[in-house]
1. Identify all residues within the range 38-50 that are of a type outside the set (Phe, Trp, Tyr) and buried (at least 18 other Cβ atoms within 10 Å of the Cβ); write none if there are none.
2. Find all pairs meeting these conditions: Cβ atoms under 7 angstrom apart; at least six residues apart or on different chains; first residue within the range 63-74 and on the phi > 0 side of the Ramachandran plot; second residue assigned to a strand (DSSP E or B).
3. Does residue 50 meet the test of being touching a residue at least 24 places away in the same chain (Cβ under 8 Å) and either within 20 Å of residue 68 (Cβ to Cβ) or of a type outside the set (Lys, Arg) (or both)?
4. Could you grab me the full set of residues in the range 34-83 that are of a type in the set (S, T, N, Q), under 18 Å from residue 11 (Cα atoms) and in a loop (DSSP other than H, G, I, E, B)?
5. Taking interchain pairs and intrachain pairs at least six residues apart, which have beta carbon atoms under 6 angstrom, with the first residue in the range 118-140 and surrounded by 15 or more Cβ atoms within 10 Å (Cβ to Cβ) and the second among the small types (Gly, Ala, Ser)?
6. Looking at (1) under 14 Å from the mean Cα position of the chain (by Cα); (2) among the polar types (S, T, N, Q); (3) over 16 Å from residue 89 (Cα atoms), which is the one condition that is false for residue 30?
7. If residue 40 satisfies all but one of (1) without any contact (Cβ under 8 Å) to a residue 40 or more places away in the chain; (2) within 17 Å of residue 116 (Cβ to Cβ); (3) among the β-branched types (Val, Ile, Thr), what's the number of the condition it fails?
Amino acid sequence: MNRVDVHAEEVPLPGWAGALSGFALTVLDSLGKTNWDLSILLCNDAYIQALNSQYRALDEPTDVLSFSLGETVPDAGGLARYLPGDIVISLETLEENARYFHVNKDEELRRLVIHGILHLDGMDHEDNEPFRPMLQLQEELLEKLSGKPVIQEGAVTQRGPLVTGGTELKLS
């Protein structure tokens, strides 16, 4: 069973955080991943810019960053859990991208989550040309997994534990 923890830094945790976790679980299942413990951090441009500057020497905001960990550790029951790393998404750049590419915010969020997971799974791309295998797979998954919206406008901010995949996850 996969687990996804969604939390926020410098922005309120959106009410649709549970739906985001569910979507990420669906992506992992579609890719045949098992026993992954994935972390998704939602933030603002200032926060992601600081990370981008520190880890990529690019002093500018970006839409998504993936920080690979790639470790396998035993859980309390001795079962192997895979810690792929963290995905960081700027909600401000997400909105800018949605306007620029003439897509809704929900579609752009799904694209960024898929993109981040593919990076954590070891895929990469030389540039943003749409014929790159990773970007083709990203768009195939996006089309395949479109359905109930993740972003539910006006949703109440999530409070307390987030339950995903039958496992309780504590939000920070």
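Since every read-out is calculated from the coordinates, none of them should be taken as a lab result. Everything numeric in this text was worked out from a predicted model, so none of it was measured. Every residue, glycine as well, gets a Cβ built from its backbone with ideal geometry; the counts of neighbours run over all protein chains shown.
1. Residues of the range 38-50 that are of a type outside the set (Phe, Trp, Tyr), as a first pass: 38-46, 48-50.
Listed by number, the residues that qualify are 38, 39, 40, 41, 42, 43, 45, 48, 49.
2. 70/84; 70/85
3. Numbers: touching a residue at least 24 places away in the same chain (Cβ under 8 Å): no; either within 20 Å of residue 68 (Cβ to Cβ) or of a type outside the set (Lys, Arg) (or both): yes.
When the stated conditions are applied, residue 50 does not pass them.
4. So in the range 34-83, the residues of a type in the set (S, T, N, Q) come out as 34-35, 39, 44, 49, 52-54, 62, 66, 68, 72.
Cutting the leftovers down to under 18 Å from residue 11 (Cα atoms) gives us 39, 44, 49, 52, 62.
44, 62, listed by residue number.
5. 119/66; 120/66; 120/68; 120/85
6. Only one criterion is unmet by residue 30, namely (1).
7. (1)
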